[in-house]
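Step one of this worksheet: look at the structure below.
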Amino acid sequence: MKIASWNVNSLNVRLPHLLQWLQDAGPDVVALQETKLEDSRFPDAALAELGYRSVFCGQKTYNGVALVSRIPFASECVTAIPDFDDPQKRVLAATVGEVRIVDLYVVNGEKVGSEKFSYKLRWLEAVREWLREELRQHPNLIVLGDFNIAPDDRDVHDPKRWREKILCSTPEREALRGLLDLGLHDSFRLFNDEPGHHSWWDYRLNAFERGWGLRIDLVLVSQALRARTVAAGIDTTPRTRERPSDHTPVWVEIAGG
DNA sequence: ATGGTTGTCGTACAA
């Protein structure tokens, strides 16, 4: 079972990229972020033509998440963090086969110390309490998405330049650590401990061509799934195409079910 | 050089 995450930065613009990538990479499930689409405009018919079902939770202009799967969904989806009042559409959870999947579009945070930064930390704390409960009910749990946090300096092209900056600051990394401490593992680091692997590059200054990236898109696997995780990676191909998203897909391969 | 680009909307704002 191949499960991927991709911040498409407008599914309206990126639908051709997604359809192409589904055919090229053949994932069983893709978690999308920044669809920027109201639910009435979600392109579920185009995806169904390739054999994928969709569940989605979107809004106009900003945010928006979706799960696209060629395996049937086994449950109703959850579209909000329990007991956390938030008009922004950033979370979506559903069960596919025997695997519980939680798609997250983590708050960007703008700038360390800003109003949006404190929202980011409060949001992550609420997600932590939610995931604690999800793990209790679903030992086979995958939490994936755009985390807007580079876990450590190996995930940053130039750690000095990014030191204590947004996406790399200590409070953000501690918040991510709080999620991992529930019993989740960064799947990419089960197979690769080298620096220089990134999933996002700023549109400006030819950052992609210069390798100025960060690894902020993650696939976390629970303890039970860790033993069944046989591969993980980042597919930079979509970032090389015409008019790309600033993020590229990340994926994990789970053995069995 | 505190620089630049993209998406949405039709102007600033978010990333």
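Rule-based calculations on the coordinates, nothing more; no lab input. Remember, predicted model here, so these are calculated numbers, not experimental data. Positions of Cβ are backbone-derived with ideal geometry, glycine not excepted, and every protein chain shown enters the neighbour counts.
List of remarks:
- Any chance A:F188 is in a helix (DSSP H, G or I), within 16 Å of DNA strand B (Cβ to nearest atom) and crowded, with 18+ Cβ neighbours inside 10 Å: no
- Qualifying residue in segment A:110-119 (condition: under 24 Å from A:A4 (Cβ atoms) and either surrounded by fewer than 22 Cβ atoms within 10 Å (Cβ to Cβ) or in contact (Cβ under 8 Å) with a residue 12 or more places away in the chain (or both)): no
- Residue that is farthest from the chain's Cα centre (by Cα), among those in segment A:157-184 that are in contact (Cβ under 8 Å) with a residue 40 or more places away in the chain and in a helix (DSSP H, G or I): A:W162
- Residue in segment A:89-98 that is within 20 Å of A:R173 (Cβ to Cβ), surrounded by 16 or more Cβ atoms within 10 Å (Cβ to Cβ) and in contact with a strand residue (DSSP E or B) (Cβ under 8 Å, 6 or more places away or on another chain) present: yes
- Restricting attention to segment A:210-229, the residues that are within 12 Å of DNA strand B (Cβ to nearest atom) and not in a strand (DSSP E or B) add up to 3.
- The residues in segment A:10-23 that are crowded, with 18+ Cβ neighbours inside 10 Å and either small (G, A, S) or more than 15 Å from A:V250 (Cα to Cα) (or both) can be counted, and the count is 2.
- Among the residues of segment A:230-257, the ones that are within 16 Å of DNA strand B (Cβ to nearest atom), more than 17 Å from A:G145 (Cβ to Cβ) and not in a loop (DSSP other than H, G, I, E, B) come to 2 in all.
- Tally, over segment A:52-64, of residues that are under 8 Å from A:E34 (Cβ atoms) and crowded, with 22+ Cβ neighbours inside 10 Å: 1
- Some residue of segment A:49-62 being more than 14 Å from A:N7 (Cβ to Cβ) and among the small types (G, A, S): yes
- Answer residue from segment A:202-215, given it is over 14 Å from A:D235 (Cβ atoms) and in contact (Cβ under 8 Å) with a residue 24 or more places away in the chain and is surrounded by the most Cβ atoms within 10 Å (Cβ to Cβ) among those: A:L214
- Lone unmet requirement of (1) touching a helix residue (DSSP H, G or I) at 6+ places or on another chain (Cβ under 9 Å); (2) at negative phi for A:A227: (1)
- Looking across segment A:148-185, the residues that are surrounded by fewer than 18 Cβ atoms within 10 Å (Cβ to Cβ), acidic (D, E) and either over 16 Å from A:A126 (Cα atoms) or touching a strand residue (DSSP E or B) at 6+ places or on another chain (Cβ under 8 Å) (or both) come down to A:D152, A:D153, A:D158, A:E164.
- Pairs, first closer than 16 Å to A:H247 by Cα in segment A:136-153, second more than 16 Å from DNA strand B (Cβ to nearest atom) and among the basic types (K, R), C-beta under 7 Å, six or more apart: A:I149/A:R173
- Residue list for segment A:20-67, restricted to those being touching a residue at least 12 places away in the same chain (Cβ under 8 Å), of a type in the set (A, V, I, L, M, F, W, C) and in a helix (DSSP H, G or I): A:W21, A:L22, A:A25, A:A46, A:L47
- Filtered by the rule that a residue be touching a residue at least 24 places away in the same chain (Cβ under 8 Å), of a type in the set (A, V, I, L, M, F, W, C) and farther than 30 Å from A:E242 by Cα, segment A:216-231 gives A:V221, A:A224, A:L225, A:V230.
- Within segment A:225-257, restricting attention to residues that are more than 14 Å from the chain's Cα centre (by Cα) and of a type in the set (A, V, I, L, M), the residue that is farthest from A:K2 (Cα to Cα) is A:A227.
- Those residues of segment A:7-52 which are over 20 Å from A:G97 (Cβ atoms) and aromatic (F, W, Y), in sequence order: A:W21, A:F42
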